[in-house]
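First the structure, in the form of structure tokens, and then the observations on it.
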Amino acid sequence: MSEWKPALDAIVGSRHGGKTDHVLAALRDLDSRHPHVPEIAAEQAFTLASQGAHAEALSAYERALALGLASPAEQANALFGHATVLLRLGRAADAVSALDCARVQFPEHAEFPALLALARHRDGRSCEAVRLLLDTLIETSDDIGLAAHQRTLRALARE
């Protein structure tokens, strides 16, 4: 086990009820001692984003992604967080591009097309957004009514 891992686990485990002020300081300290660890950068990014520091979070997400997260789950979470802060910064077109790439990398993750639909809507592509959101709903729902009428719903969304 890496020497930084128990410290990171303890810091992340200390989050309670959305209180992250102490977490950010601890993450920054750990990052200064282990500056090339993508997992630390990703946790910093998440914490910054949760505090509304989106520009700083974007930089941390980009660093985590550039360093390369080992776990596919961590990679997917970082890609989602990255796109989310792009949207919050008003960079919908960049979010669309990032999410298009994330969907290729993680085609089984329904969170990416759902967020992509929002990004396309904010980018002024509302018709595409509705189609994608409807497709995602139909593909991920177990509702028998949606399943029974999916062909009609899809056809109407494309008209």
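Here, each number is a calculation from the coordinates, and none is a lab measurement. Predicted model only: the values in this text are computed from it and were never measured. Every residue, glycine among them, receives a Cβ derived from its backbone with ideal geometry; neighbour counts consider all protein chains shown.
Please enumerate the residues belonging to the stretch 106-142 that are out of contact with any helix residue (DSSP H, G or I) (no Cβ under 9 Å at 6 or more places or on another chain) and of a type in the set (D, E, K, R).
Matches in the stretch 106-142: Glu108, Asp142.
From (1) at positive phi; (2) crowded, with 20+ Cβ neighbours inside 10 Å, pick out the condition that doesn't hold for Gly68.
(2)
What are the pairs, 6+ residues apart or on separate chains, where a residue within the stretch 63-77 that is under 8 Å from Pro38 (Cβ atoms) has its Cβ under 8 Å from a residue that is assigned to a loop (DSSP other than H, G, I, E, B)?
Leu67/His36; Leu67/Val37
Any residue that is crowded, with 19+ Cβ neighbours inside 10 Å and of a type in the set (Phe, Trp, Tyr) - is there at least one of those in the stretch 38-61?
Checking the stretch 38-61: at least one residue is crowded, with 19+ Cβ neighbours inside 10 Å and of a type in the set (Phe, Trp, Tyr).
Does Leu24 satisfy the condition of being in a helix (DSSP H, G or I) and within 13 Å of the chain's Cα centre (by Cα)?
Against the criterion (in a helix (DSSP H, G or I) and within 13 Å of the chain's Cα centre (by Cα)), Leu24 does not qualify.
Tally the residues that are surrounded by fewer than 17 Cβ atoms within 10 Å (Cβ to Cβ) and of a type in the set (D, E, K, R), restricting the search to the stretch 80-102.
2
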